[in-house]
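Asker: My questions will all concern the structure given below.
The values are calculated or read from the model by the stated rules, or taken from the named source; none is laboratory data. Keep in mind the model is a prediction, meaning the values are calculated, not measured. For neighbour counting, all protein chains shown are included, and Cβ atoms are generated from backbone atoms with ideal geometry for every residue, glycine included. Side chains are part of the model used for accessible areas, which takes the heavy atoms of the whole protein and leaves out ligands, DNA and RNA. Shrake-Rupley method; radii C 1.70, N 1.55, O 1.52, S 1.80 Å.
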Amino acid sequence: MDEPLSAQSPAGGPRRRTILTAGLGAALAGPLAAPALAQGAPELRWRLSSAYAKNLDILFGAPESLSRIVAEATDGRFQIQVLGPGEPVPPETLLDAVSAGTVEMGHGPATLGQAKDPTFALATAIPFGLNARGGAAWWQAGGAADLFAEVFAKSGLVCLPGGNTGAQMGGWFRREIKSLADLQGLKFRIGGMGGQVLAKFGVQPQATPGPEIYQALETKKLDAAEWIGPYDDERLGLQKVAPVYHYPGFWEGGAMLHFWFNAEKWKALPKTYQAILRAAAAEVGAEVQAKYDARNPQALRRLVAGGAQLRPFPQDVMEGALKNANDVYAEIAAKNADFRRVYEAMRTFRNEEYLWFQVAEYTYDNFMIRARARG
């Protein structure tokens, strides 16, 4: 047994010094000890299927960034292969594939699951819902994460926020919408609850895939189509076949995206890997929002220069759509207890958020808009 250190001999005496020196020499002569993570961390090879085409660099780039961060943080022991739509499943079955374990992960909007349970739509965006900041606040500090964890667990899913597009545009129209009457019979590429809301005006919602929108407008199979916003819309060249660019996309005031995990695979992960995934998803989510905010302004300028005619939706359309939206929510809530519970929580939080925004954010933003107009 080693001799105790004494006040008279701080180094512990000759024998102690010999042991310490020998130990240090052995450590320096041999390889450095492996990091604590690598010593007990398993090697994993997962697949992640994205709902977005590879040419959408911000959206498809989000899981690529997450994969890189996770690999770097685990010294390459946890590798996530990012696959595009149809690799191996199309976007509409992405959540089912993750739930079944066909792939361990996915990236896309919760609205992919709303056909089976409309509660899913509340996690991404609903007409006249939360904006991007409000959605983040509700999720991270307002109780939404716990509410949705219960809902998604029923489908064998765990999710983490994975970016937000911010408020989207109202879409591309071959002719301007000047009143509610102009919506009657309109063949409009729009999905989710936005389609349900507009259908009450006599709109005919169409589920046209993104790559097919241009041709459908050009051949008049569509009268209008919404996509995302200026940066992504520009890549489709829609201003050439549908010059009127309406705003805002009131059906998606802040579309939150998510990273989806098979629940059993998630539970089996070491806590360290779960923490790394949480941190990576948070970093990527902030990056997605920042990129859209940085790139949309210049893209909008280019679209207008290329022929896009910016037009706000008429007030009667906005007011009528709000009424329709409230009617749709009441109809769904009467049949779906989960939707009713989560929607009421979202509605309460939204109203409080906009009370605050009206006092500070809205006032400041409008002052700056007027200041910009003055040059």
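Asker: Going by alpha carbons, how many degrees (0 to 90, nearest 10) lie between the helix axis of 337-359 and the longest principal axis of the chain?
Answerer: Between the helix axis and the principal axis of the chain, the angle is about 90 degrees.
Asker: For the chain, which span is the longest to avoid every loop-located (per DSSP) member of GluC sites (Glu not before Pro) having at most 15 other Cβ atoms inside 10 Å?
Answerer: Values: sites that count: E43, E176.
The reported range is 177-375.
Asker: Next up: Report, to the nearest 10°, how far helix 271-305 tilts away from the longest principal axis of the Cα atoms in the chain, using its own Cα long axis and a range of 0 to 90°.
Answerer: Helix 271-305 and the main axis of the chain meet at about 40 degrees.
Asker: When Cα extents along the principal axes in Å is calculated directly from the model, which label among (1) 67, 52, 49; (2) 96, 52, 42; (3) 63, 49, 36 fits?
Answerer: Derived directly from the coordinates: (2).
Asker: Follow-up question, since we're still on this one. Keeping every protein chain present and rolling a 1.4 Å probe, give me the accessible area per residue for the chain in Å².
Answerer: Working: 18590 Å² over 375 residues.
Value for the chain: 50 Å² per residue.
Asker: Expressed in nm to one decimal, what extension gain is obtained for the pair Y354 and K335 from 0.36 nm per residue of sequence separation less their Cα-Cα distance?
Answerer: The Y354-K335 span can extend by a further 4.0 nm.
Asker: Here's something else I'd like to know. Could you give the length gained on full extension between R175 and F367, defined as 0.36 nm per residue of separation minus the Cα-Cα distance, in nm? Mind dumping the intermediate values first?
Answerer: On the way: separation 192, 0.36 × 192 = 69.12 nm, distance 3.26 nm.
Length gained, R175 through F367: 65.9 nm.
Asker: Whole percent per 5 Å bin, from 0 to the bin with the longest distance: what is P(r) over all C-alpha pairs of region 82-148?
Answerer: Pairs per bin, as whole percents: 3, 17, 22, 22, 17, 13, 6, 0.
Asker: What percentage of the solvent-accessible surface of the chain, computed with a 1.4 Å probe over protein heavy atoms, is contributed by carbon and sulfur atoms?
Answerer: 55
Asker: Then there's this: Identify which of A110, A167, A275 has the largest mean-square fluctuation in a Gaussian network model of the chain, with springs joining Cα atoms closer than 10 Å.
Answerer: Judging by the Gaussian network model, the answer is A275.
Asker: Then there is this: Taking Cα atoms, how many degrees apart are the long axis of helix 315-333 and the longest axis of the chain, rounded to 10 and kept between 0 and 90?
Answerer: The two axes meet at around 60 degrees.
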